[in-house]
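*Asks:* This is the structure I want to talk about, given as structure tokens.
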Amino acid sequence: MKLKEVNRTAIQSWSPAQHHPVYLAAGTSAQQLDASFSTTASLEIFELDLAEPSLDMKLRGAYSSSHRYHKLAWGPHGMDAQGLPSGVLIAGGENGDVILYDPAKIIAGDSDVVIAQNVKHSGPVRALDVNSFQTNLVASGGNESEIYIWDLNNFGSPMTPGPKTQPLEDISCVAWNRQVQHILASASPSGRASIWDLRKNDLIIKVSDHSNRMHCSGLEWNPEVATQLVLASEDDRMPVIQMWDLRFSTSPLKVLENHTRGVLAIAWSVADPELLLSCGKDNRILCWNPNTAEVLYELPTSTQWCFDIQWCPRNPAVLSAAAFDGHISVYSIMGGSSQAVSQTQADTVGSQSFGNMDPFGMGQTLPPLQLPQAPAGHAALSPLKKPPKWLRRPVGASFAFGGKLVSLENTKLSPEQPQQPVARVVHISQVVTETAFLERSAQLQATLAAGGFADFCQKKIGAAQNEFEKTVWAFLKVNFENDARGKYLELLGYKKEELAAKSDSIGKPSLVCQEPAVPVDAEVVASLPEGPLDPAPAPEGIDLTVSQDVDGLITQALLTGNFEGAVELCLHDNRMADSIILAIAGGAELLKKTQQKYFTMTHSKITKLISAVVTEDWRDVLQTCELQNWKEALAAVMTYAHSEEFSSLCDLLGCRLEAAEDERLQTRASLCYICSGNVEKLVSCWTGAQDGHCPLSLQDLMEKVVVLRRAVDQSRASGPSAVGHLLGEKMSQYASLLASQGNLTTAIAYLPHDTEGLLLRLLHRVVVIGVFVCTMRSVCVLQVRSASTVTSWSNQTPTALPSAPPLGPAVTEPQVPTHWPSLWLWPHSHTSVSYSYPPASQYQADAGGPSIYSPLQYSAPPPPSFCSSPEAPAPGFMPQYTQQPLYPPPFTGQPASSAPLSQTPFSPASATSFSPLSSGASFQHGGPGSPASYMPPPPPAGSSGTRPETASHQVPASQRTGPHWLRPQNGWNDPPNLTRDSKKKKVPENYTPPAPITAPIFSPLGAGDPQAQQPHSMPPQAMAPDQTQIQTPYQGMQQQMAPPIFNPGLPKTRGGSVEGAPGAPIGEVIQSMQSIPAEKITKKPIPAEHLVLKNTFEGLIQKCLAAATDPQTKRKLDDAHKRLEALYDKLREQTLSPAIVGGLHNIVQCIDSRSYMESLNIHTHIVSSSNFSETSAFMPVLKVVLTQANKLGV
Amino acid sequence: MVSVINTVDTSHEDMIHDAQMDYYGTRLATCSSDRSVKIFDVKNGGQILVADLRGHEGPVWQVAWAHPMYGNILASCSYDRKVIIWKEENNSWEKMYEYTGHDSSVNSVCWGPYDFGLILACGSSDGAISLLTFSGDQQWEIKKINNAHTIGCNAVSWAPAVVPGSLIDQPSGQKPNYIKRFVSGGCDNLVKLWKEEDGQWKEDQKLEAHSDWVRDVGWAPSIGLPSSTIASCSQDGRVFIWTCDDPSGNTWTAKLLHKFSDVVWHVSWSITGNILAVSGGDNKVTLWKESADGQWACISDINKGQGAVSNEQ
């Protein structure tokens, strides 16, 4: 494809490769005349600007010369030294001159452009070449076998390469070897080439065939192989190019024959040694592969001879050809259509234009020399047959998901041994840039898995960089200790003992005993502003005259039993003590009144505090206290606040602190939030103060959040701990960071429910990866549960489902590509209520028990994960997504019976109504409302035939902890390595008993069993209105991504037990499911023969409870007590295999004989020999009990 | 730390030119001068040849995975002037579409963000860029930008889908009005930005800094900020990072990442957009990261897939 054109009959030279921009020098040729017969000459420099679509080349500089030229060569000499920014343009003149020009000066329009000039040759200088190794060396060739080597640094005295060859002949070409810098070749029209060694200063070899018809017009060294060169013959009788190898210099290695008339010039591409250009008197320009003698390309050229052709050294696809028709044309070797050019160049391209040009400024137009040039072909031109080397990208490292980097390895081939086999490999690497971050993340995960939060906090305290950090961790740590409030007080600087001691010295021991904080709190209160708040009634005094004797009146009143009047009188007389004492006698009401009056009348500094203590109204104090005294205020709250308002009071103080102008105070707010367990506030407070984008600071935050949430879970059976927007954001940031570092399994645990599209994408990606991690173990599952979910994802991406059998028609049909927008709703819209749900009828029909498969349950995310296989990597952090394609809804497997998706019984409306349940309630970690939301989906068994099989693949219940993405805080708690042992160990950790650890101080909010009390306190529908909009897409995704798992045991085991505590690794799903229909179903009695099991186990637990001293153990036992319900339920339903029941009876016998070790052995035997899914709900609990019993020796 | 977790022997008979993982990082597509495209299943450190796709008649330069929501689709481009779109149906890979609208080597293919639909940009040595949009029913709508880069377009890369003027998602139910943009680099040493307006592709920006062929361009994934970032690398050894903080997208500033001694062939952003992998001559791969003060620093030097990571933070 022609790129540019210059209307000159000129010889040419490209600027050197180092030079930018690319210039083309054109010097008036000594051998052609134009129509003016002018002998004036010029040297012009044009710029190749490919960004400019025009065919014209910009003239950058022109110099009117007295010489006409035979040869131009542009070397980079001097470019580095800045002396000659554009290098040196060397010209061979017709009179034997070798002239050095400074192209920079020509471009600048300078008149003094000649650097040096030397007339050494006796005739025209036809040959010039610049040494590519030492760019100051230039070889020139003229008549009479004259060859000179010019040193541009010492231009005056050229050298010769050796004695002149005999007979004397013209030198038509000189060329430096491209590999060996001291080797020079010269050729003459006679057909002989001579190779010179400058070190020896002699001719070393002559190359000539025996035809004697070679008429050398061109000589080029092979750019890569030092011993090879080509010679072109101008002779029409022998229009060939010979390729010689000096190692076999008797005859040419190859002869390139295609030109029909003599070859005028050749050019060998440095960029690709398999490209050799030649132009001939047959008007053709050919591009050869000299190694194969194949013509790769023929340029569409003019009808005129080209007498010179050159590759552009800088732009490997560009070449220029100078033709006798008065044009220098610049072509691209890459083919392509010139239509594009002609479109934009309609005025300048085309046969008409050329004739009207006046290239020489003569004021007259010239007719075309010959036929008008054919319009630059509209036909597409084929590119080179051989792809040029410069397109062959040898490297390329690309990132992939999960911080992976894919890189190529193409071992370089040496040209001499192309046959050597090469390993073409691709490396997939894991890029980890945040090592410290990952380490800390792993520590955190380990802590989550193993418990030991107090230790974790302690470590953090030790490692804390500053005092505040230390304090924060100390506060967090308190959550995991007994007497949290007391410890908080200590942290705030109030030690009871110290206070007592202080008070002693003051001499008011009694006061201290009752109100330990008061003396110190006085300081706080000192700063309390005098609030105008108390809406105290105006003293309505009894109408008494001053003159009357007060004592008398009081006496009178008392005598008449008028306490009120007496108190009034005392107050009036400012006898406070008297009035209070009287008021006490007068009854509670009067006392209260009196207190009120007292507070209105007294304006001491501590009144407010006393008032708060007495009236238990701390809100006022917190709202008005001086923020500098936040510590004291917090201490007061610690001491006095009722547990139900404790959190909100802490929050209140936190809010005030946060709003403070003092930055120090702002950060202190986080301490308040830690006390209150308000995670979201903590996050917002923290992010306000820190740069959350730095990975380590994000880790800092997440550590605190995780620990605090954990603490909240433990300490508060109820209470909102929803994943707020900010926390969600941070968690997703954290997750994506983890994912980017390749830690997908952990990342998944932190992916919260969120409606943001990007996050969902990440989630999806992580999930699918997770799938693959586990695929190998799940093939059997796959086979059972053919096909995939409803989603277009898995249906259309067999990648995600490599071994999934083809889908049934009913499912695939609506998922043809045109449907994808609707099938892939979640990233697009937040209202994907129309999401195609698996036909619910299927579930009902197949699984039986319609009451169970109510939409309500269906809305629950699918619980189980196949990752539960013990060796699965960190499965605890893999939410159910991991199983997504592997647990496709079975209805896909039976297309015949499955209704089309559009007819799914789940109307959008119903979907909306229940979908928020899972998402909304999902944040109720451990909350009473949660069991409903965690309810597993109905057994999806597509056909009854699959049920037994799915049952056999039933994953450990511990895995079915419900959707981790909904309840990340629970997901975190899951053991990373689900060996059974670890699960057993986890039991007490994971199950968070309702009793707050601060129970001794707190009033028993939610004490007992809050879950039992309010299992349905949060009807799903109630949440629908406000949740629907944002939650539904997520819901849709749950449906699509996490098809439900069938738990064969579930339908029958719906006990009334409601321990649906999320986070409990074992059997919670089952239990939570049980909790739903509890009201409708009455439990069957336990068969009499098995009643002994229950009695023994419960008795043992009671014994242990009696013997246990530390609260943690008690909690464990309490927990176990409840969770054994699962066992009793199974006994009621008689679903346990005889082997297990028999084993249990054996255990009971051992318990009776107090041989707990033996019972543990039996336990182990049962666990190892039974179906895990059958026993997972209670066996680990049982082990806890037995272990405790053994430990306590009851 | 950069450590090899899998080495796939592709058994290609000639130079490999590109290797790309799919969306999930579980499949690897490679292409070679041996005219073939291969797909490997590489999950769990394995390497199972899934497909050996034959159809090109010249070296295959690049492969690109479409977003999986459209199915398992791979595009390949070749010196043979063809773009082939392959699709996996029923566990076997078939040609979905073959595009022959270029007159010269097709050097680069890149799928647009899924938000834009199934749309493929192709850059060719004929200077043109083609945009193929799947319009359903096996139909592809073709738009061509002629003479986008004189003597050749070497690389194309899509801008992430960003709704103009707002980072907040559009109201639900309403199709977001995305502005489609991509960047290209070519033999005219230019980096050009293209924008679709009223269904027509128009040159939006022309970024000049390179002094030789632009070998590759990469538009960084969106990290939720309104700014845009593009990396470009060139035959001249330079890698530039172009940034635009201006919401209208008109003011781009170039920062020189580094000047290498050899041609730089390829740039690739990490999924999170904070690390740039630069592949230069002699198979030298380096990782670069922007420090807090906005300076780009080399954090790793990778050889045969291995390397240490220096963390200066």
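*Asks:* Over 27 Å between Cα atoms, which of B:Lys144/B:Lys284; A:Lys206/A:Lys254; A:Lys730/B:Lys284 qualify?
*Replies:* B:Lys144/B:Lys284; A:Lys730/B:Lys284
*Asks:* Ordering A:Phe155, A:Phe1178 by accessible area with a probe of 1.4 Å, largest first, what comes out?
*Replies:* Putting A:Phe155, A:Phe1178 in descending order of accessible area: A:Phe155, A:Phe1178.
*Asks:* What does the charge dipole of segment B:1-158 about its Cα centre add up to, to the nearest 20 debye, if the Cβ of each Lys and Arg holds +1 and the Cβ of each Asp and Glu holds -1?
*Replies:* It comes to approximately 220 debye.
*Asks:* Shifting gears a bit: Within 10 Å of each Cβ in peptide B:48-58, how many partner chain Cβ atoms are there on average? Round it to a whole number, please.
*Replies:* Counting Cβ atoms of other protein chains within 10 Å of each residue's Cβ and averaging gives 1.
*Asks:* Could you tell me which of rounded, prolate or oblate describes segment B:31-72, using a ≥ b ≥ c as the square roots of the eigenvalues of the alpha-carbon gyration tensor, with rounded for a/c under 1.5 and, failing that, prolate when a/b is larger than b/c and oblate otherwise?
*Replies:* Taking the square roots of the gyration eigenvalues as a ≥ b ≥ c, segment B:31-72 is oblate.
*Asks:* How shielded is B:262-274 by partner chains, expressed as the average number of their Cβ atoms within 10 Å of its Cβ atoms?
*Replies:* Shielding by partners across B:262-274 averages 5.
*Asks:* Okay, next question. Per residue of B:91-101, count partner chain C-beta atoms within 10 Å of its C-beta, then hand back the mean as an integer.
*Replies:* 1
*Asks:* Throw me the Rg/Rh for chain B, computed over C-alpha atoms with Kirkwood Rh, two decimals.
*Replies:* We get a ratio of 0.94 for chain B.
*Asks:* Once amide H atoms are placed 1.01 Å from N in the peptide plane, what residues at a sequence separation of 5 or more from B:Phe40, or on another chain, have their amide H within under 5 Å of its amide H?
*Replies:* HN-HN under 5 Å from B:Phe40: B:Leu28, B:Ala29, B:Thr30, B:Val50.
*Asks:* Near the amide H of A:Ser145, under 5 Å away, which other amide H atoms are found, from residues 5 or more places off or on another chain, if H is placed in the peptide plane?
*Replies:* A:Glu169, A:Asp170, A:Ile171
*Asks:* Which of the residue pairs B:Lys38/B:Lys82; A:Lys460/A:Lys681; A:Lys386/B:Lys143; A:Lys1114/A:Lys1191 have a Cα-Cα distance greater than 24 Å in the structure shown?
*Replies:* A:Lys386/B:Lys143
*Asks:* Assign unit charges at the C-beta atoms only (+1 for Lys and Arg, -1 for Asp and Glu), then state the dipole size of chain B relative to its Cα centre in Debye, rounded to the nearest 20.
*Replies:* The calculated dipole for chain B is roughly 180 debye.
*Asks:* Send over the Kirkwood Rh of segment A:1088-1192, from the inverse of the averaged 1/r over different Cα pairs, rounded to one decimal Å.
*Replies:* When all Cα pairs of segment A:1088-1192 are included, the Kirkwood radius is 13.5 Å.
*Asks:* Just to check I understand the Karplus step: with θ = phi - 60° and J = 6.51 cos²θ - 1.76 cosθ + 1.60, what whole-Hz values come out for segment A:1152-1158, glycine and proline as x?
*Replies:* Ordered by residue, 3J(HN,Hα) equals 4, 8, 6, 9, 5, 4, 4 Hz.
*Asks:* Just reorder A:His210, B:His17, A:His1121 by solvent-accessible area, largest first, 1.4 Å probe, all chains present.
*Replies:* A:His210, A:His1121, B:His17
*Asks:* For a quick protection proxy, order the peptides A:475-481, A:159-165 by their average other-Cβ count within 10 Å, most packed first.
*Replies:* A:475-481, A:159-165
*Asks:* Tell me, what ³J(HN,Hα) does each residue in segment A:293-299 have, in order and in whole Hz, if you take phi through Karplus 6.51 cos²θ - 1.76 cosθ + 1.60 with θ = phi - 60° and put x for Gly and Pro?
*Replies:* Calculated HN-Hα couplings, in order: 6, 8, 7, 8, 6, 10, 6 Hz.
*Asks:* Add +1 for every Lys or Arg and -1 for every Asp or Glu among the other residues with Cβ under 14 Å from the Cβ of A:Pro103, and state the total.
*Replies:* After counting each charged neighbour, the total is -3.
*Asks:* At a 10 angstrom cut-off on C-beta neighbours, averaged per residue, how do the peptides B:198-207, A:666-675 rank from highest to lowest?
*Replies:* A:666-675, B:198-207
*Asks:* Something else about it: Please find, in a Gaussian network model of chain B (springs between Cα atoms separated by less than 10 Å), the residue of B:Leu276, B:Leu49, B:Leu28 whose mean-square fluctuation is greatest.
*Replies:* The residue with the greatest mean-square fluctuation here is B:Leu49.
*Asks:* Just to check I understand the Karplus step: with θ = phi - 60° and J = 6.51 cos²θ - 1.76 cosθ + 1.60, what whole-Hz values come out for segment A:1116-1125, glycine and proline as x?
*Replies:* 4, 5, 4, 4, 4, 4, 6, 6, 5, 3
*Asks:* While we're on this one: Charges at C-beta only: +1 for Lys and Arg, -1 for Asp and Glu. How large is the resulting dipole of segment A:18-108 about its Cα centre, in Debye rounded to 20?
*Replies:* 140
*Asks:* Quick one: which residues, 5 or more positions from A:Trp196 or on another chain, have an amide H under 5 Å from its amide H? H modelled 1.01 Å from N in the peptide plane, none for Pro or chain starts.
*Replies:* A:Leu184, A:Ala185, A:Ser186, A:Ile204
*Asks:* By average Cβ neighbour count within 10 Å, what is the ranking of A:1129-1136, A:86-93, B:295-302, A:587-594 from highest down?
*Replies:* A:86-93, A:1129-1136, B:295-302, A:587-594
The values are calculated or read from the model by the stated rules, or taken from the named source; none is laboratory data. On a predicted model such as this, the values are computed, not experimentally measured, just so you know. Backbone-built Cβ (ideal geometry, glycine too); neighbour counts: all protein chains shown. Surface areas here come from the heavy atoms of the whole protein model, side chains and all, with no ligands, DNA or RNA. Shrake-Rupley method; radii C 1.70, N 1.55, O 1.52, S 1.80 Å.
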